[in-house]
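Please treat every number below as a calculation from the coordinates, not as lab data. The structure presented is a predicted model; accordingly, all values stated were derived computationally and were not measured. Here the Cβ is made from the backbone with ideal geometry for all residues, glycine too, and neighbour counts use every protein chain on show.
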Amino acid sequence: MGPGQTVTVLGAYGHTGRFVVAELRRRGFVPIASGRDEARLKTLAASHPGLEVRPASADDPDSLDRALAGAAAVVNCAGPFATTAAPVIEAALRAGIPYVDVAAEIEANADTFAHFADRALAAGAVIVPAMAFFGGLGDLLATAAMGDWTAADEAHVAYALSGWQPTNGTRTAGAVSRQRRGGARVVYRNGRLDYRHDAATTFQWSFPEPLGPRTVVGEFTMADVVTIPSHLRIPEVRTHMSAEAAQDVVAPDTPTPAAVDERGRSAQTFLVDVVVRSGGTERRAVARGQDIYAVTAPLAVEAVHRILTGRTRTVGVASAGEIFDAADFLHALSSHLSVELPAPSPTAAATPTTSLKTPSIAEPAS
Ligand SMILES: NC(=O)c1ccc[n+]([C@@H]2O[C@H](COP(=O)([O-])OP(=O)(O)OC[C@H]3O[C@@H](n4cnc5c(N)ncnc54)[C@H](OP(=O)(O)O)[C@@H]3O)[C@@H](O)[C@H]2O)c1
């Protein structure tokens, strides 16, 4: 098993789907481009000689069966996932093939665990939600940072984005999630999702140098609050976002991302700083790279490759950190991500990779 196999991509002509199709081809897979607009599928195929297109819509099970027929796996890039995840997972279960998606929606990801865990386990099926920048990468970093720890008191995932030009899909997903929350914001405390009406706070987070202290919006909650506690015993999982990016993504006039290099990436840079704390000891893992949408493609495609080559640790619905060897997975993406992980235990048991000022002792931003 390995490259040469066919992989259906639903949402193939979307912003993220296009990166996934290109990355599958680069890795030697044979993508099948699927989506509900045949004309846009054909336009995509024009720039990928030989690309097979199969029109399908998430609300049409027969079309999904046709799109998945004969494929070795499916990558769902069609959001909002509140609408698409369940029908595409059902189609993957019917086809008997693994399912990977890039969902950032917290509740949709929680639903995937809640609704499909038992059936997927019973069927021996593999379903990996949030195999993307938000959800997947933070989980891989947190898992790698944990090392030999089986539990921790808290995990923080701090995002420093140079800016955030959201795609239409990000805006739509955000609107769907906000509607589901009825005006509340969601946090992960005491081992569960909690809906609150108080305002989020800002504070200074000390990112690794050369970035240093930056203002972040605290508990700007992302999909890591579903993926990390799905397999790590950490009752407090908090994600924080650099203040400028948090403003960009909600501003109605922020443009969509523009390509600046031959890979189609935007100029956006990111740093993901993950800290896990147990008692008085902290461990840290950091990733740096360019373009949160573009990097989602190597994350998802590496996942597909590992699933199809049996480099997995479990079956059922599982997040990236649970099903893959997190450190090995991150190192495999060295052409897309630069990572700093703690040295393997026991030698680095209590040594963060860089000095850390935790949010608990950080000062509120002025
Ligand atoms: N977790 C992460 O870090 C991460 C990273 C990247 C993307 N994402 C998520 O991935 C999703 C897509 O993002 P994007 O940037 O690629 O957005 P996009 O450019 O707007 O693409 C969305 C795609 O989904 C398709 N789609 C929507 N509903 C569909 C349905 N019912 N059946 C078939 N296709 C359907 C759209 O087709 P039409 O144009 O025909 O509607 C389009 O091709 C968003 O939910 C986004 O939040 C998450």
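Please report the relative contact order for the stretch 113-213, taking Cα pairs under 8 Å with a sequence separation of at least 6, and give it as a percent rounded to a whole number.
Relative contact order here is 11 percent.
Return 99, 13 ranked ascending by Cβ neighbour count within 10 Å, so the fewest neighbours appear first.
By the 10 Å Cβ count, ascending, the order reads 13, 99.
Could you give me the ³J(HN,Hα) list for the stretch 157-166, computed from phi with Karplus coefficients 6.51, -1.76, 1.60 and θ = phi - 60°, whole Hz, x at Gly and Pro?
Each residue of the stretch 157-166 in turn: 10, 9, 9, 10, 9, 5, x, 9, 8, x Hz.
Run the paramagnetic zone check for residue 83: 7 angstrom along Cα to Cβ, then residues of the stretch 160-183 with backbone nitrogen under 20 Å.
Once the point is set 7 Å along Cα→Cβ of residue 83, 166-183 turn out to lie under 20 Å by backbone N, inside the stretch 160-183.
Principal axes first, then extents: for the Cα atoms of the stretch 170-256, list largest minus smallest coordinate on each axis, whole Å, largest first.
Over the stretch 170-256, Cα extents along the principal axes are 34, 33, 24 Å.
When DSSP beta bridges are limited to those with both residues in the stretch 143-258, what percentage is antiparallel, rounded to the nearest 5?
65
Hey, what angle do you get for helix 81-95 against the long axis of the chain, alpha-carbon based, 0 to 90 degrees rounded to 10?
The angle comes out at about 50 degrees.
Does the chain come out rounded, prolate or oblate by the C-alpha gyration tensor, with a ≥ b ≥ c the root eigenvalues, rounded set by a/c under 1.5 and, if not, prolate when a/b is larger than b/c and oblate if not?
prolate
Hey, can you grab everything whose amide H is under 5 Å from the amide H of residue 316? Only 5+ residues off in sequence or another chain; H modelled, so Pro and N-termini drop out.
Long-range HN contacts for residue 316: 125, 126, 127.
Each residue of the stretch 240-245 in order: what ³J(HN,Hα) in whole Hz does its phi give by Karplus 6.51 cos²θ - 1.76 cosθ + 1.60, θ = phi - 60°, with x for Gly and Pro?
10, 10, 3, 4, 5, 5
Residue 131's amide H: which non-local residues (gap 5+, or another chain) put their own amide H closer than 5 Å, with H modeled 1.01 Å from N in plane and none for Pro or chain starts?
101, 102, 103
Quick one: grab the alpha carbon gyration tensor of the stretch 1-116, order the square roots of its eigenvalues as a ≥ b ≥ c, and give me rounded if a/c is under 1.5, else prolate or oblate depending on whether a/b is larger than b/c.
prolate
Through the Karplus equation 6.51 cos²θ - 1.76 cosθ + 1.60, θ set to phi - 60°, convert the phi angles of the stretch 16-25 into ³J(HN,Hα) values in whole Hz; use x for Gly and Pro.
6, x, 5, 5, 5, 4, 5, 5, 4, 5
Take the Cα pairs of the stretch 77-196, get the Kirkwood Rh, then feed it into Stokes-Einstein at 10 °C and 1.306 mPa s and tell me D in µm²/s.
Rounded to a whole number, D works out at 99 µm²/s.
Among 57, 230, 338, rank each residue by its count of other Cβ atoms within 10 Å, from fewest to most, as a rough exposure measure. Present the calculation step by step, with values, prior to reporting the outcome.
Values: 57 17, 230 20, 338 13.
Arranged by neighbour count, lowest to highest, 57, 230, 338 become 338, 57, 230.
Quick one: order 30, 157, 260, 9 by neighbouring beta-carbon count within 10 Å, fewest to most.
On the way: 30 16, 157 29, 260 13, 9 34.
The fewest-first ordering by Cβ neighbours comes to 260, 30, 157, 9.
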